[in-house]
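Please read the structure below before turning to the comments.
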């Protein structure tokens with residue numbers, strides 16, 4: 001079965017490249033394998049198989065040392081044109097991206113991912129519609145969802161920051177969709193998100209090995225499934241003496257600082273803070289500075305996310321960074337599966353650990 005799916009992927013890629021050559025969108029020198037892999041969101045092995053077929057059929061030239069392959073000007077017979085048209089029609093469609101968070105407030109990696117996915121899908125002759133709907137995280141979105149779906153007429157959907165009610169509505173309607181995040185157990189929609197168990201357990205174990213026992217997890221004040229899993233796995237770390245504290249983190253900076261102040265007053269022995277989102281770092285470090293507490297010396301910080309501005313913190317923040325290119329390829333493959341009416345498996349992303357200078361090693365407590 002896997003061989004059959006792989007061959008279908010190669011055939012589909014061959015059809016796409018033939019169509020792009022026919023329309024003149026690809027001409028002259030062919031891109032290198034790495035660039036083609038990024039453009040079409042497939043592995044290098046798939047690219048090589050497709051290039052072999054294209055060379056055999058006379059669409060591209062043979063490799064010539066380190067020089068790029070040349071795209072050849074071919075006269076295509078009617079049978080080939082018909083074959084390309086049929087295969088290209090299979091990937092035509094409209095994809096809707098529904099987010100309850102305004103694009104300007106989305107984390108930079110997620111925004112970059114959406115833009116990259118959109119670029120790839122448009123290159124495959126797919127129409128992409130990105131829609132901001134703050135009510136998509138509400139408890140009763142049914143009427144507005146019905147209006148939106150009817151008006152947009154998308155063939156499949158990608159849901160960002162969607163409430164359980166929104167996910168359940170798509171599930172009941174039988175509309176092809178995937179969740180960028182964690183789907184609720186009630187909806188069981190296909191999803192792609194961080195492996196929150198791996199991240200939470202790794203962060204807890206890392207701090208525990210550095211001697212930290214009373215650690216505060218700053219958790220966004222949003223009823224999302226991913227936040228629930230993060231809290232569960234972080235609290236569930238089994239290291240001896242592990243005694244975590246949860247600090248609910250509202251979006252408003254003043255409210256978050258008040259929560260920090262209140263929690264620290266009742267737990268002055270907190271030695272480290274874990275920020276679930278990069279947006280928490282600025283108010284957290286500012287609050288510590290206002291109490292004359294130095295990051296990496298008096299208190300430690302680990303961030304479970306990464307955005308570019310983190311590199312400007314002094315000292316450098318210990319954090320976890322996603323591989324955006326890999327995420328984009330996974331999302332595009334899942335969308336292809338939805339459009340082809342296939343069952344698609346969930347995808348868990350394990351980010352790379354980026355050690356910094358924001359964690360101080362303490363004396364290991366003696367039992």
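The values are calculated or read from the model by the stated rules, or taken from the named source; none is laboratory data. The model shown is predicted, which means the values in this text are computed figures rather than measured ones. Glycine also receives a Cβ, built like all others from the backbone with ideal geometry; neighbour counts cover every protein chain displayed.
Within the range 159-168, identify whether any single residue is surrounded by fewer than 20 Cβ atoms within 10 Å (Cβ to Cβ), assigned to a helix (DSSP H, G or I), more than 22 Å from the chain's Cα centre (by Cα) and not assigned by TED's automatic domain parsing to the domain that holds residue 26, and answer yes or no.
Scanning the range 159-168 turns up no residue that is surrounded by fewer than 20 Cβ atoms within 10 Å (Cβ to Cβ), assigned to a helix (DSSP H, G or I), more than 22 Å from the chain's Cα centre (by Cα) and not assigned by TED's automatic domain parsing to the domain that holds residue 26.
Restricting the search to the range 189-217, which residues are under 18 Å from the mean Cα position of the chain (by Cα) and assigned to a strand (DSSP E or B)?
If we filter the range 189-217 for residues that are under 18 Å from the mean Cα position of the chain (by Cα), which is where we start, we get 189-200.
Scanning the range 189-217 gives 191, 192, 193, 194.
Can you tell which of 288, 217, 284 is surrounded by 14 or more Cβ atoms within 10 Å (Cβ to Cβ), in contact with a helix residue (DSSP H, G or I) (Cβ under 6 Å, 6 or more places away or on another chain) and at pLDDT 95 or above?
Working: 288 fails: in contact with a helix residue (DSSP H, G or I) (Cβ under 6 Å, 6 or more places away or on another chain); 284 fails: in contact with a helix residue (DSSP H, G or I) (Cβ under 6 Å, 6 or more places away or on another chain).
Result: 217 is the single residue among 288, 217, 284 that is surrounded by 14 or more Cβ atoms within 10 Å (Cβ to Cβ), in contact with a helix residue (DSSP H, G or I) (Cβ under 6 Å, 6 or more places away or on another chain) and at pLDDT 95 or above.
Out of all the residues in the range 349-367, which are more than 20 Å from residue 43 (Cβ to Cβ) and within 11 Å of the chain's Cα centre (by Cα)? Walk me through it before giving the result.
First, pick out the residues of the range 349-367 that are more than 20 Å from residue 43 (Cβ to Cβ): 351, 353-367.
If the condition is that a residue be more than 20 Å from residue 43 (Cβ to Cβ) and within 11 Å of the chain's Cα centre (by Cα), then 351 is the only one that fits.
Looking only at the range 171-210, which residues are buried (at least 21 other Cβ atoms within 10 Å of the Cβ) and free of Cβ contacts under 8 Å to residues at least 24 places away in the same chain?
179, 187
Give the residues of the range 222-241 that are touching a strand residue (DSSP E or B) at 6+ places or on another chain (Cβ under 8 Å) and either in the same structural domain as residue 138 (by TED's automatic domain parsing) or more than 16 Å from residue 164 (Cβ to Cβ) (or both), sorted by residue number.
So the first thing to find is which residues in the range 222-241 are touching a strand residue (DSSP E or B) at 6+ places or on another chain (Cβ under 8 Å), and the list is 226-227, 230-231, 234-235.
Once the filter is applied, which keeps residues that are touching a strand residue (DSSP E or B) at 6+ places or on another chain (Cβ under 8 Å) and either in the same structural domain as residue 138 (by TED's automatic domain parsing) or more than 16 Å from residue 164 (Cβ to Cβ) (or both), the range 222-241 yields 230, 231, 234, 235.
I'm trying to understand the selection: among the residues of the range 292-308, which are in contact with a helix residue (DSSP H, G or I) (Cβ under 9 Å, 6 or more places away or on another chain), surrounded by fewer than 18 Cβ atoms within 10 Å (Cβ to Cβ) and at pLDDT 95 or above? Let's see the steps before the verdict.
Looking only at the range 292-308, we keep the residues that are in contact with a helix residue (DSSP H, G or I) (Cβ under 9 Å, 6 or more places away or on another chain), and these are 293-295, 298-308.
With the extra rule that they be surrounded by fewer than 18 Cβ atoms within 10 Å (Cβ to Cβ), the set shrinks to 293-294, 298, 308.
Correct list: 293, 294, 298.
Does the range 71-102 hold any residues that are modelled with pLDDT of 85 or more and either more than 22 Å from the chain's Cα centre (by Cα) or in a helix (DSSP H, G or I) (or both), and which are they?
Taking the range 71-102 and keeping what is modelled with pLDDT of 85 or more, we get 71, 94-102.
Correct list: 71 only.
Please go through the range 12-31 and give me each residue that is modelled with pLDDT under 80 and within 27 Å of the chain's Cα centre (by Cα), ordered by number.
Hit for the range 12-31 is 12, nothing else.
Determine if the range 32-55 includes at least one residue that is more than 28 Å from the chain's Cα centre (by Cα), assigned to a loop (DSSP other than H, G, I, E, B) and modelled with pLDDT of 85 or more.
Within the range 32-55 (the criterion being more than 28 Å from the chain's Cα centre (by Cα), assigned to a loop (DSSP other than H, G, I, E, B) and modelled with pLDDT of 85 or more), the answer is no, since none of the residues qualifies.
State whether the residues of the range 335-348 include one that is buried (at least 20 other Cβ atoms within 10 Å of the Cβ), under 12 Å from the mean Cα position of the chain (by Cα) and not assigned by TED's automatic domain parsing to the domain that holds residue 107.
Checking the range 335-348: not a single residue is buried (at least 20 other Cβ atoms within 10 Å of the Cβ), under 12 Å from the mean Cα position of the chain (by Cα) and not assigned by TED's automatic domain parsing to the domain that holds residue 107.
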